[in-house]
Every structure is written in structure tokens, then in C-alpha cells.
1. What ranking do Val250, Val49 get, fewest neighbouring Cβ atoms within 10 angstrom at the top?
2. Please report, in debye to the nearest 20, how large the charge dipole of segment 205-326 is about its Cα centre when each Lys and Arg carries +1 at its beta carbon and each Asp and Glu carries -1 there.
3. Between Leu161 and Leu204, 0.36 nm times their residue separation minus their Cα-Cα distance comes to what?
4. Suppose R0 equals 35 Å; then what is the FRET efficiency for Val383 and Lys305 from their Cβ-Cβ distance, rounded to the nearest 0.05?
5. With angles folded into 0 to 90 degrees, how steeply does helix 180-199 sit against the dominant principal axis of the chain? Use alpha carbons for both and round to 10.
6. Net charge within 13 Å of Asn294 by Cβ-Cβ distance, Lys/Arg positive one each and Asp/Glu negative one each, not counting Asn294 itself?
7. Would you mind checking the pairs Lys86/Lys393; Lys23/Lys217; Lys86/Lys319; Lys9/Lys60 and listing those with alpha carbons more than 30 angstrom apart?
8. For segment 174-302, what's the relative contact order in percent, using C-alpha pairs closer than 8 Å and at least 6 residues apart?
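Bear in mind these aren't lab numbers, they're just calculated from the coordinates by the rules spelled out. Here the structure is a predicted model, which is why all the values come from computation and not from measurement. For neighbour counting, all protein chains shown are included, and Cβ atoms are generated from backbone atoms with ideal geometry for every residue, glycine included.
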Amino acid sequence: MNLHEYQAKTILSNFDVPIQRGKVTDNINEVEDVAKSLNHETGTEWFVVKAQIHAGGRGKGGGVKVAKSIDELKNFSSDILGMMLKTPQTPKEGKLVQKILIAEDVYYPGESDPEEYYFSVLLNRNTSKYMIMYSRQGGMDIEKVAEETPDLIFYEEIDPLLGLMPNQLRTIAFNLGLSGQAFKNMLSFASKLYNAFIESDASLLEINPVLKTSDNKILAVDAKMVLDDNSIIRHKNYEALRDLSEENPVETEAKEVGLNYVDLDGNIGCMVNGAGLAMATMDLIKQSGGEPANFLDVGGTADAKRVEVAFNLILRDPKVKAVLVNIFGGIVRCDRVANGIVDAYKNMGDKIKVPIIVRLQGTNAEQAKEIIDNAGLKIYSAVEFSEVPQKIKEVLN
Ligand code: GDP
Ligand code: MN
């Protein structure tokens with residue numbers, strides 16, 4: 001689950017990580033009061049208004065603006081709230097800004113060259129360890145830094161059983177070129193950040209930029225946090241953080257009916273039973289030159305009702321040019337699945353406008369093929385997977 005910046009910052013501050021303080025609102029009429037209370041709390045006279053959408057690069061798209069007065073803040077806020085913000089990470093048409101974060105300006109006025117660092121905590125699946133990635137080249141495209149000057153990015157691997165060790169903290173502060181109070185503050189910052197990542201069961205925590213102020217404070221100015229969906233049962237308050245307007249509606253609907261659906265970029269819709277077979281099917285589609293449009297695991301009970309629900313979900317995606325059903329009938333016999341598919345197809349009538357390829361393998365596979373072939377529907381059947389790539393090519397042409 002992805003979080004908004006303001007939500008991530010709330011979590012960070014609960015773990016005592018120093019952050020750029022701010023308040024979120026969805027109402028332009030509240031901006032003045034928010035600014036006044038922020039001024040009261042922090043003494044700030046300048047403010048920054050930041051669009052809250054699930055995408056980075058907001059600064060470049062005009063979604064982050066620094067205001068030198070409350071009037072200016074009100075103007076910028078009304079520009080940003082309700083805009084379709086386009087950044088390199090949003091869809092072409094942009095994303096609607098429904099909330100803004102009004103924050104203190106932490107780049108002191110007149111400060112010539114603030115130091116901005118890049119910082120992230122993530123899981124390195126190759127080594128089964130956590131990893132802190134950091135760089136002095138923060139505030140800009142880290143992807144560009146990684147490509148052009150990879151030696152400016154440092155890595156610290158953390159054994160999950162040992163945790164982040166004091167010598168590792170010192171290495172980080174040293175590599176960032178810090179000394180004195182800033183060095184000490186970085187030790188504390190990195191340690192609290194890692195703790196926040198672990199305790200909140202995050203799968204990613206990215207702070208870009210981390211700011212060193214001229215008086216040597218170390219602050220999180222931005223925060224991107226992804227929580228591990230599998231950990232939600234351990235955190236009762238997490239479900240309330242989910243912003244459904246930012247999630248794929250088809251994925252949300254699938255979750256509600258207990259189907260495992262993930263939207264992808266290709267054009268071949270997939271309906272498969274079992275996550276392992278779903279992954280293998282995606283590999284096979286790719287190897288035969290196609291691109292899967294989704295990952296859909298219908299689970300053990302591939303009956304007519306479930307198949308129909310699954311068809312409906314897959315066909316909602318306009319990218320889908322053909323649907324491949326690849327089901328292994330073990331406990332559910334193939335003939336039953338075949339009947340389910342035929343019934344679902346008939347129920348859906350003219351809603352199905354793309355060719356369907358069905359490959360059933362397992363108990364009573366031949367019988368299943370007969371059922372499909374004799375149904376008089378526009379369904380192509382296969383028993384061996386090796387027949388599938390050719391069928392896909394045929395129907396796509
Ligand atoms: P992103 O563009 O989506 O990554 O959003 P960020 O939160 O990282 O903000 C973009 C940029 O705005 C940062 O790199 C900063 O340079 C700038 N920025 C953020 N907060 C402040 C602030 O309080 N004062 C000033 N002057 N600039 C800020
Ligand atoms: Mn950023």
C-alpha cells in the first residue's frame with residue numbers, strides 16, 4: 001500500500017524522526033488558519049504548499065511551491081488544489097490533487113546552497129538483507145545519478161537479526177561528508193529512520209531530500225513510504241490510510257470478491273488458478289513474444305460464477321485484445337471448469353468482444369476440450385501449452 005507524503009511524515013514523526021512540519025487540508029478556506037497555526041507552532045513566516053498525490057516529481061510539475069506570505073500561500077494553494085498535476089511519474093493526463101500539505105519552509109531565507117541528501121531503506125531480495133541507499137546528490141533525480149555517476153551512491157547492507165550497527169551509522173554520516181553536530185544528528189536521524197521502517201513493516205521508505213540546515217539540523221523534507229500489505233493485520237490503523245482514489249479500481253473490486261488481480265501493461269488478459277501457475281503463464285506469454293495485461297488468480301474454485309466475475313474484471317481493461325484461460329484441473333475437474341466457462345460466456349452474451357483461448361490441463365482434459373469445442377462459441381481450445389503461442393498469434397492477427 002502506498003502512502004501520501006503527509007501520512008508517511010506522520011508515521012515518521014511518531015517514531016521521532018525529525019521532519020518538515022506541516023498540516024494537510026482539502027479545503028481552500030482552511031489554508032489561512034492552517035498557516036497561522038503553523039506559524040504559531042514553528043515560527044515560520046514562509047510556507048511551502050505540496051500537492052498530495054501518489055507520484056513523485058511533483059516539484060517539476062508545479063505541485064510544490066514556496067510562498068513568502070499567507071496571501072501568496074492562498075494563491076498557490078488555490079492553483080494546486082484541484083489541478084491535474086502532471087509529473088514524470090503520473091499518467092499522461094496527470095492526477096487530480098485532492099489534498100495539499102501546507103508545511104513550514106525549512107530552507108532558511110537567503111540560504112545559498114542547502115545540502116540535500118538522498119536516503120532510502122529497502123529490502124535487497126538478492127541478499128535477504130535490508131539496505132540503506134544514500135547519496136549526497138539528493139533533491140534531484142536519483143535515477144539519473146545512478147545512471148551517470150553511480151559511484152556517488154552508497155549502500156549499507158543490514159542484517160535483519162543484528163539491526164543497524166553503530167559503525168554503519170558512522171560510515172553513513174562520514175560518507176555524507178558530515179562533521180560535528182551535523183554528524184551526530186545524522187547518526188540519530190538514520191537510526192530512527194531505520195527503526196521507523198522496521199517497526200511499521202514498510203517495504204520502502206524513501207526520503208528525498210533529507211535536508212541539512214545551516215544550523216546543522218537533519219530533516220526529512222519529503223517522504224515516500226510503501227507499507228507491506230501482508231502486514232496490515234498487525235496494524236489495525238493502516239486500513240484507514242488507504243486512499244482508494246489512488247488505487248486501481250479493478251484491483252480494489254477484485255480484492256472485495258476475494259480474487260487476486262494485478263493490473264499490468266500488456267494486451268493479453270490472463271485467468272489462471274494458483275499463483276505459481278499464474279507466474280509461469282506470464283513467463284510463457286512473454287517467451288512467446290506477448291505481454292500479459294494482468295495477473296489474475298481465480299483460486300481453487302473455478303466455477304461458473306467465479307469465472308464470470310473474473311471475465312468481467314479482465315474485460316474492463318481496454319488494453320485487453322485476447323484472454324487466455326490457463327487452468328489446471330486437479331481437485332476441480334477440467335470438465336467442470338469447461339462447463340463453468342461455457343456458462344459464464346453464455347451469461348455474458350455480447351459483453352465478450354475479444355477472442356478467448358482456453359487451455360485446460362489435468363483430470364478429464366480431453367473431455368473438457370470437447371465441451372468447449374462443441375459449445376459453438378468463439379472460444380479456441382488447447383490442451384498443451386505449446387499450442388498456446390500459435391493460437392495467440394492467430395487471434396491477434
Ligand atoms: P517531489 O518533487 O515530488 O519529490 O517533492 P519534494 O517534496 O521532494 O519537493 C520538491 C523540491 O521542493 C525539493 O527538492 C526542495 O528543493 C523543494 N522544497 C521542498 N520543501 C521546501 C521548503 O520548505 N523550502 C524550499 N525553499 N524548498 C522546498
Ligand atoms: Mn522528493
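1. Values: Val250 18, Val49 28.
Listed from fewest to most nearby Cβ atoms, that is Val250, Val49.
2. Values: 13 positive and 20 negative charges, 23 e Å.
With only Lys, Arg, Asp and Glu charged at Cβ, the dipole is about 100 debye.
3. Numbers: separation 43, 0.36 × 43 = 15.48 nm, distance 1.85 nm.
The span from Leu161 to Leu204 would gain 13.6 nm if fully extended.
4. Working: r = 25 Å, r/R0 = 0.71.
Working from the Cβ atoms, E equals 0.90.
5. 30 degrees
6. Working: positive: Arg316, Lys319, Lys321; negative: Glu251, Glu253, Asp263, Asp265, Glu291, Asp297, Asp317.
Value of the local net charge: -4.
7. With Cα atoms farther than 30 Å apart: Lys86/Lys393.
8. On the way: 156 pairs, mean separation 21.3, N = 129.
Answer for segment 174-302 is 16 percent.
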